[in-house]
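These notes are about the structure you will find just below.
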Amino acid sequence: MDIQWIVDFVQMQGTSFVINLVAALAIFLVGRWAVKLLHGLSIKAMQRGKLDPLLVKFLGNILYALMMIFVVLAAISQVGIQTTSLIAVIGAAGLAVGLALQGSLANFAAGVLVIIFRPYKIGDYVEAGGVAGTIDDVQIFTTELKTPDNRKVIVPNGQMMSGAITNYSSHDTRRVDLVVGVGYDDPIDTVRRVLEGVVADDPRVLAEPAPNIRMSAMADSSVQWIVRPWVKAADYWDVHWEMTEEIKRRFDAEGISIPFPQRDVHVYHHPERAAEPQAASLER
């Protein structure tokens, strides 16, 4: 009689456990679907509110994580596990894990600082954390960049914020800095005229601020000129490369030389010293 009661109890509890397990699984699947739906709606709402794309991605990631935690707790409670006790255990374990993962917490704090101070945004080309590239995404702990050769680099937020950040896209205009060397025999006025013509003939060069073309130094093997036009940030590299090529082409047409480093060696002949070895040989 006692054995039959135990069998009946196990069967009853087993059936209840299976039902609760199936319900928990359903809660998790439906909850995950609902989280994705709400996450997408929240992203669209923030985009309609014209929030910064960096802020949209960061807040969207945090919102998704919080909603998934709620869904997991709901599914666990359906199985019969007391969530209050579980939360207390997780809190105690979280303190220990937090001490062990101070770097991750620092990366999270750095991510918050990125959102507050906004040293860069999605699409900016920056140099930070030892990496140069275009900002693709800012996660809770990391920042994703795409290098010019199409590599994906993931950098911890703490590393991004730990040093200097050079943002090449923060301003609409940039100055192209070119240094050109010519020979000492080339006329100054001719060189100036050619350089001014190259700058004036490029429609991408801005009128304001005015371009700066000056002779900057008399080096060992050449006279150095600086050519500094202002252009839109998007045109920087095209102007840099094409203007360098055009300067070389016009220098060739005008007969202006572009010297390379060289050294003149002068050999002096002293007849008295040249005769000394011969006299010494005769004495022997």
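Read-outs throughout are calculated quantities, based only on the coordinates presented, and are distinct from any laboratory measurement. Model, not experiment: these values are computed from the prediction. Here the Cβ is made from the backbone with ideal geometry for all residues, glycine too, and neighbour counts use every protein chain on show.
One table, with the values for the structure above:
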item	result
Long pairs among LYS50/LYS146; LYS57/LYS121; LYS121/LYS232; LYS36/LYS146; LYS36/LYS57, criterion Cα-Cα beyond 21 Å	LYS50/LYS146; LYS36/LYS146
Ascending count of other beta-carbon atoms within 10 Å, so fewest first, for VAL180, VAL155, VAL112	VAL112, VAL155, VAL180
Vicinal HN-Hα couplings computed from phi for region 191-196 (Karplus, 6.51 cos²θ - 1.76 cosθ + 1.60; Hz; Gly/Pro x)	4, 4, 4, 5, 5, 5
Efficiency of FRET between LEU59 and GLU208 - r from beta-carbon atoms, R0 45 angstrom, step 0.05	0.70
Spin-label zone in region 183-224 - amide nitrogen under 17 Å from a point set 7 Å from the Cα of THR173 along the C-beta vector	199-213
Potential extension, ALA233-SER42 segment - 0.36 nm per residue separation minus Cα distance	65.5 nm
Total charge dipole magnitude, region 173-254, about the Cα centre, Cβ charges on Lys, Arg, Asp, Glu only, Debye to nearest 20	300 debye
Neighbour-count order for ASP220, ASP252, fewest beta carbons within 10 angstrom listed first	ASP220, ASP252
Simple label model, 7 Å out from Cα along Cβ direction - ARG250 to ASP201, nm	0.6 nm
Long-range HN-HN contacts of ASP137 with modeled amide H, under 5 Å	GLU144
By average C-beta atoms within 10 angstrom, highest first, the peptides 208-217, 129-138	129-138, 208-217
Charge tally in the Cβ shell below 14 Å around ASP238, where Lys, Arg are +1 and Asp, Glu are -1, ASP238 excluded	-2
